[in-house]
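What follows is a short report on a single structure.
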Amino acid sequence: METNSFNRLQELKLAPQFNRRLLSGLTALDSMLDGGLTEGELSEWGMPWGQGLRELMLPFLARAQRDYSYWVLWVYGRQHVAINPWAWHARAIDLNSTRFVYSQDPMQELRALFLSDFFRVIVLDQVPHLKEEDCQHLARNARTYGQSIIILRPGLLTHEQGNIWTRLRLNCHYDFESQRIAVHVLKGRAPRTISIFPSDLAALSRNIV
Amino acid sequence: MAAVLSLSPSSPRDQNDEILAFIAIFCSNEKQADVLQNLSPKTMLWVDSDNLRLIDMRACSDFWRHSARQRGMDVSLYVQQQISEIFAGEDYYGAAAFTPWEALLLAKAAREKGFRGLIHFSSRLGKNLLRGLSWDLWWESCGEYALRKKIPDSLLNKAKSAMSIAMRRLGCQRPEQLRTLPSPHIRRRFGSLVAEVWQLSFPERQGLERKDAISFFPWEAYTTSQSPCVKRHLDHELREWNSIEELLREDLNRLCVLGSFKKEERILILEWRIVLCNLQVYPIVILFRHPHSLHQDCPSQRTALLQINYAFEKNFSLKASSLETGLISWQIEIMEKAPARLRQGSLFHESSDDLQCLKQLENMIKKPLEFFTLSDDWLAEDSFHKEASSLSVEASEESTTNYLPLAAGRPLFLYPDAQNFLCDQLTRVGHFQERTMDKWWKSGNRSRDYYRMTQNETMLWVYRDQQGSWYTQGIYG
């Protein structure tokens, strides 16, 4: 398994090429992303909290676990919430190769995890105080260790508040009227907006399970 | 004997853990006694003259469970097999129980009656032996307890004579016959020493919880040799972590070449005792989540230095700056280590599998990673276990898929405690989700009706109990 080469890359100080793409399985989303999320890249998603949008991330994680046997780390920075593991399991997440951690300062508290290629998919969900230099550091590590680092922001992203270190920036929001999830590309791919029905997500999870 | 020890295959996992909590074993051979430490780093020599040793299996329970599962064996049988190997086929007297005191009494009873091997507390033989425990054995154990607690003999003798007379008059031939006698009554008539031992002897009957019965026990860790330790006296006082780190690295590497610290041994607790300019001494305890090999991390010692750094920042950096003082000397001592396994090569196999990598990483970070296993429970809050150790990685495979359709409609995030939900004008009642039976024997409520509510553009997982009260239990992140 590729994840066994723990820290070997660090010793060699080499940045290999990672050509894999993480697919969600949702045709519209994958084609909007030109074939999925690229390994070794940092992506930033504007995802208002409480609209069920995080479910959009799970197909990427489930496929990465199923297709490539990747370990996944979900770092959550929101206080007073806990993980509901059965719900994650029902959405095709393999809990055996998933670890969760609550941290408001992962760059300090979880430093070693970013300096190894063990967790190939890392989601930073609503981590506060993630500064520009942190993003620079994360982008470099993602490139070096072939990690896919996904930053989920609790609000929508804007062009005014850009981020030079992320290759891909998207906004997601839930349209309560039409009951659809809208995904809009801000940076990194051709500007487009697509709509996804929550029922499509549920059907996709059932298929993966 | 195997039949006595074997567990039912359907035994719940928690029960298996508890079954192995404590082992009491008579072992007069010093070499074998040292090897017994391979079962767990936490052992105790109860009585010198008797060579009765106690082993706290909780320290390594995950490892034994994992190893037994890999071999497709019952964990009790697997441990019994290990003990038989240590004794190389010789007979021995031993007992396994939930608490150290019960294990100790059972081992003594087994020796008295001549039942060899490892006898389980829950087995029929174990229960019968404890039922038949004589007053002589009980008083003997009581005397040893008093010795451990440094209680004068006079107190014990006084209590013993008073209680013996009372028991003779009552016609009570064995302690078990009076197991329901409340300990406050015993305390009033025969003193607190006897009452304490009485509680430990019959914890369930006396309403003593298992964890209390364990903490109550006068445990004294057994050490075979002096703890490996290195000292450093500095030429100049040091304040900056960068300069301290370099010297600490040297010292950790010095520890690796000490004769008292074997290459196969793994450290669990390290103490860094620092001395400041004003000669104040601060002990900083560094705990490792998984047994860590200093030898393998040589010469960088990255893992240990990271943990020392976290502990230093947490415990000392504020004090150092407020006192405006620096370090002038220190001592690094290995307080607890997992011994080398003589029979099976390494206790913590240094294979390059994912778990080994994960354990190394977990030792390097400040926050513990959370790992969840599923349990077959219909209530969301009771449907999982949060595990601390990576060794339990295969546990979730045991769960069935009965709750998948139910879980598919539930939210990804829960609130640790259900909060009162207040409806306002902006609240939109969403779809009815599910009707679930509540645990009425605990809460008094019989059922819950779940809905997906939207409030201020936030989708909540809300339920209504039988009284019509609304509670928010989760959020669709």
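Throughout, read-outs are computed from the coordinates displayed, never taken from laboratory work. Not measured: the values here are computed from a predicted model. Glycine also receives a Cβ, built like all others from the backbone with ideal geometry; neighbour counts cover every protein chain displayed.
For the reader, a short list of remarks on this structure follows.
- As a calculated quantity, the FRET efficiency between B:ASP235 and B:ARG116 at R0 = 56 Å, using C-beta atoms, amounts to about 0.35.
- Charge dipole (debye, nearest 20) of chain B; +1 at Cβ of Lys and Arg, -1 at Cβ of Asp and Glu: 1720
- Lysines whose Cα lies under 19 Å from that of B:LYS149, excluding same-chain neighbours fewer than 8 positions away: B:LYS158, B:LYS160
- Residues whose placed amide H lies under 5 Å from that of B:GLY430, excluding near-sequence neighbours: B:ARG452, B:MET453, B:THR454
- CD proxy at 222 nm, helix term only [per DSSP H run n ≥ 4: -39500 (n - 2.57); per residue of chain B; nearest 500]: -10500 deg cm²/dmol
- For chain A, a Gaussian network of Cα nodes joined below 10 Å ranks A:ILE93, A:ILE150, A:ILE181 by mean-square fluctuation, and the top entry is A:ILE181.
- Label-to-label distance, nm, for residues given as B:ASN456 and B:ARG428 (7 Å Cα→Cβ offset): 1.7
- Modelled this way, with points 7 Å down the Cα-to-C-beta line, the labels at B:GLN177 and A:HIS80 are 6.1 nm from one another.
- Gyration tensor (alpha-carbon) shape descriptor, region B:126-230, a/c threshold 1.5: prolate
- Listed values for region A:35-46 are Karplus-derived 3J(HN,Hα) couplings in whole Hz (6.51 cos²θ - 1.76 cosθ + 1.60, θ = phi - 60°), namely x, x, 7, 7, 5, x, 10, 9, 10, 10, 10, x, and x replaces Gly and Pro.
- Listed residue (B:GLN199, B:ALA338, B:GLN82) projecting farthest to the positive dipole end of chain B, Cβ model: B:GLN199
- Prolate/oblate/rounded call for region B:380-475, Cα gyration tensor, a/c under 1.5 rounded: prolate
- Sites A:ILE164 and B:LYS386 - FRET efficiency at Förster radius 45 Å, r taken between beta-carbons, to 0.05: 0.75
- The label-point distance for B:SER329 and B:SER227, in a model that sets each label 7 Å from Cα toward Cβ, rounds to 1.8 nm.
- Cα gyration tensor, chain A - rounded (a/c under 1.5), prolate or oblate: rounded
- Counting neighbouring Cβ atoms within 10 Å and putting the fewest first, the residues B:THR180, B:THR303, B:THR454 line up as B:THR180, B:THR454, B:THR303.
- Applying a DSSP loop filter and a limit of 15 other Cβ atoms within 10 Å to the trypsin sites (Lys or Arg not before Pro) in region A:108-170 leaves A:LYS131.
- Vicinal HN-Hα couplings computed from phi for region B:76-86 (Karplus, 6.51 cos²θ - 1.76 cosθ + 1.60; Hz; Gly/Pro x): 5, 5, 5, 5, 4, 5, 4, 5, 4, 5, 4
- Backbone amide hydrogens, once placed in the peptide plane, bring B:HIS120 within less than 5 Å of B:ALA96, B:GLY126, excluding anything fewer than 5 places away on its chain.
- Counting DSSP beta bridges with both ends in the protein assembly as shown, the antiparallel % (nearest 5): 75
- For the residues of A:88-99, the average number of beta carbons from a partner chain within 10 Å of their own beta carbon is 6.
- A Förster distance of 41 Å, applied to the separation of the beta-carbon atoms of A:ALA202 and B:MET73, puts the FRET efficiency at 0.50.
- Counting, for every residue in B:405-411, the Cβ atoms of other protein chains within 10 Å of its Cβ and taking the mean gives 5.
- Considering only A:PRO85, A:LEU130, A:TYR68, the residue lying farthest towards the positive end of the dipole of chain A is A:TYR68, judged by Cα position with unit charges set on Cβ.
- In order along region A:139-145, phi translates into HN-Hα couplings of 5, 5, 5, 4, 5, 5, 9 Hz, rounded to whole numbers, per the Karplus curve 6.51 cos²θ - 1.76 cosθ + 1.60 with θ = phi - 60° and x for Gly and Pro.
- When DSSP beta bridges are restricted to pairs lying wholly in chain A, around 35% turn out antiparallel.
- Amide H contacts under 5 Å for A:GLU44, placed H, 5+ residues apart: A:ILE151, A:LEU168, A:ARG169, A:LEU170
- 19 Å cut-off, amide nitrogen to a point 7 angstrom out along B:GLU85 Cα→Cβ, residues in region B:23-54: B:23, B:31-42
- Summing Cβ point charges (Lys, Arg +1; Asp, Glu -1) relative to the Cα centre of region B:1-224 gives a dipole of roughly 880 debye.
- Ellipticity at 222 nm from helices only: DSSP H runs of n ≥ 4 in chain A, each -39500 (n - 2.57), divided by the residue count, give -7500 deg cm²/dmol.
- Filtered GluC sites (Glu not before Pro), region B:195-278: DSSP coil and at most 15 other beta carbons within 10 Å: B:GLU204, B:GLU209, B:GLU220, B:GLU240
- Over 21 Å between alpha carbons, listed pairs B:LYS31/B:LYS127; B:LYS337/B:LYS359; B:LYS42/B:LYS211: B:LYS31/B:LYS127
- Dipole moment magnitude, nearest 20 debye, the protein assembly as shown about Cα centre, only Lys, Arg, Asp, Glu C-beta charged: 1380
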